[in-house]
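The values are calculated or read from the model by the stated rules, or taken from the named source; none is laboratory data. These numbers come from a predicted model, not from an experiment. For neighbour counting, all protein chains shown are included, and Cβ atoms are generated from backbone atoms with ideal geometry for every residue, glycine included. When the accessible area is computed, the model is the full protein with side chains, heavy atoms only, and any ligands, DNA or RNA have been set aside. Shrake-Rupley method; radii C 1.70, N 1.55, O 1.52, S 1.80 Å.
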Amino acid sequence: MTNDNFAILLGKRIRELRKAKGISQLDLAFDMDMSMNTISYIELGKISPKIDTLQKIAEKLDISMVELFEFSEIQAQDKITRKKIEDISNKLKPYNKEFLDLVDKAIDLLIKAQQVK
């Protein structure tokens, strides 16, 4: 893999993650104290960001650095599934442990019922 190919893959991955989080280029640029053009060039693979910039991007997207480098091709269905899981997770954040334990048990029951089919 050439440096150019790597920069393009990395840029596509950053764009994919940013969009999945519902963050615009403008918002990300503002949060990082960068120009929107810089974010655009990173996402297009025209420039390669430094490690500290990648750390800031990961932080702003609330992901690990490792997730930035997961370049495997992701099918549309996988994206939809990940988004749905994230939406469910966000809905559950305000609830206490007892409620989450109930939800966990309900999920286990649903999985078992699906496996029986």
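Summary table below
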quantity	calculated
The stretch 35-117 - percent of accessible surface contributed by carbon and sulfur, probe 1.4 Å	57 percent
Fully extended contour minus Cα-Cα distance, from VAL66 to ALA113, at 0.36 nm per residue	13.5 nm
Computed over the stretch 26-74, the ratio Rg/Rh where both radii use C-alpha atoms and Rh is Kirkwood	0.96
Extended-chain gain in nm, criterion 0.36 nm per residue less alpha-carbon gap, TYR41 and LYS84	12.6 nm
Mean residue ellipticity (222 nm) of the chain, computed from DSSP H runs ≥ 4 via -39,500 (n - 2.57), nearest 500	-23000 deg cm²/dmol
Translational diffusion coefficient (Stokes-Einstein; Kirkwood radius from C-alpha pairs) of the stretch 1-103 at 37 °C, 0.692 mPa s, in µm²/s	219 µm²/s
Listed residues GLU98, GLU86, GLU59, most fluctuating in the chain (Gaussian network, C-alpha, under 10 Å)	GLU98
Accessible area of the stretch 15-85 divided out per residue, in Å², using a probe of 1.4 angstrom	68 Å²
Axial C-alpha extent at least 20 Å, average Kyte-Doolittle at least 0.0 - helices from the chain (DSSP)	97-116
Cα-projected label distance for ASN5 with ILE23, points at 7 Å along beta-carbon direction, nm	2.9 nm
